[in-house]
1. In whole percent, what relative contact order does the range A:37-226 give with Cα contacts below 8 Å and a gap of six or more residues?
2. Compute the signed sum of charges (Lys and Arg +1, Asp and Glu -1) over the other residues within less than 11 Å, Cβ to Cβ, of A:L79.
3. Using Cα-Cα distances under 8 Å and only pairs 6 or more residues apart, what relative contact order does the range A:1-78 have, in percent?
4. Could you please state how large a percent of the accessible area of chain A is carbon and sulfur, counting protein chains only and using a 1.4 Å probe?
5. Just grab the label-to-label distance for A:L36 and A:R217, each label 7 Å out from Cα along the Cβ direction, in nm (one decimal).
6. Which one of A:E228, A:E26, A:E193 has the biggest mean-square fluctuation once chain A is modelled by GNM with Cα springs under 10 Å?
7. Which of A:A75, A:A19, A:A158 moves most in a GNM of chain A, Cα contacts under 10 Å?
8. Please list the radius of gyration and Dmax for the range A:37-226, considering alpha-carbon atoms only, with Å as the unit.
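The values are calculated or read from the model by the stated rules, or taken from the named source; none is laboratory data. Note that this is a predicted model, so its numbers are computed, not measured. Because the Cβ atoms are built from the backbone with ideal geometry, glycine has one as well, and the counts that use them run over all protein chains shown. With ligands, DNA and RNA removed, areas are computed over all heavy atoms of the protein, side chains included. Shrake-Rupley method; radii C 1.70, N 1.55, O 1.52, S 1.80 Å.
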Amino acid sequence: MESPRTPQDWNLTPTEAVALQKRLREQLILQPPPGLKVTRLGGADISTEKGNDTGYGGMVVLDAATLQPVARAMAAVPLSFPYVPGLLSFRELPVLEAVWARLTVRPDVLVFDGQGTAHPRRFGIACHGGLLFDLPSIGCAKSLLVGTPGKLAERRGATAPITHKGEVVGMAVRTRQGVSPVYVSPGHRMDLETAVEWVLKASPRYREPETTRHAHRLVNDFRRAGGESAELEEERPG
DNA sequence: GCGACAG
DNA sequence: ATCTTGTCGC
């Protein structure tokens, strides 16, 4: 039997990864928990270097009301899977799994840098990550992997459904007037409407949500510091 | 077979 | 994603 709580084996071939996606997607719940209260929003990202096989991952937790950071965690982990369009989670989640283990303050919703259901097999990194960490998750990408967005107005808050093979798989969302939209889709324990609502709340000023912006800065600083940080030093005995 | 292709 | 400087525009 397979369970999201079962430690996942990351030592897979691309073919095996595709098969696993098809099995895991059956466990997705595309509806938020009844009465979901979001007081903390999380963001996750990883950074890489050219001639280096290390993934520098990080997560940030923001107060959902003020969007101010309240917690963070990082981890540097060797990358064992190449970047293959449609299989991003197999490259990034092993890193984020180590980060998640170090994150003591957990968010109510986690925003991923990539797709949720707007994916060839409806199982983008936000779906896989939400299932793995067992929490509501959202995919918010800067570009499309699959699907065609409808035309959307220029004003902030404008939305247009992303259709793929006759189905709505996500939403193009204009978070800032006159700027290209971001592409939102539910991950796990989430629906499209709630996902769009929170991405807009998290993006009061810039194109990308504050969760993503904070996470992006965190992992870039972490990488440039060579995977060293005061916080990690403290955790190291000796 | 050809083109597209999250990060 | 990363490699990289300046530059156009609000």
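1. 22 percent
2. Here the charged neighbours net out to -2.
3. 20 percent
4. The computed percentage sits at 50.
5. Inter-label distance under the simple model: 2.6 nm.
6. It is A:E26.
7. Most flexible of the set in this elastic network: A:A19.
8. In Å, with Rg to one decimal and Dmax whole: 15.4, 46.
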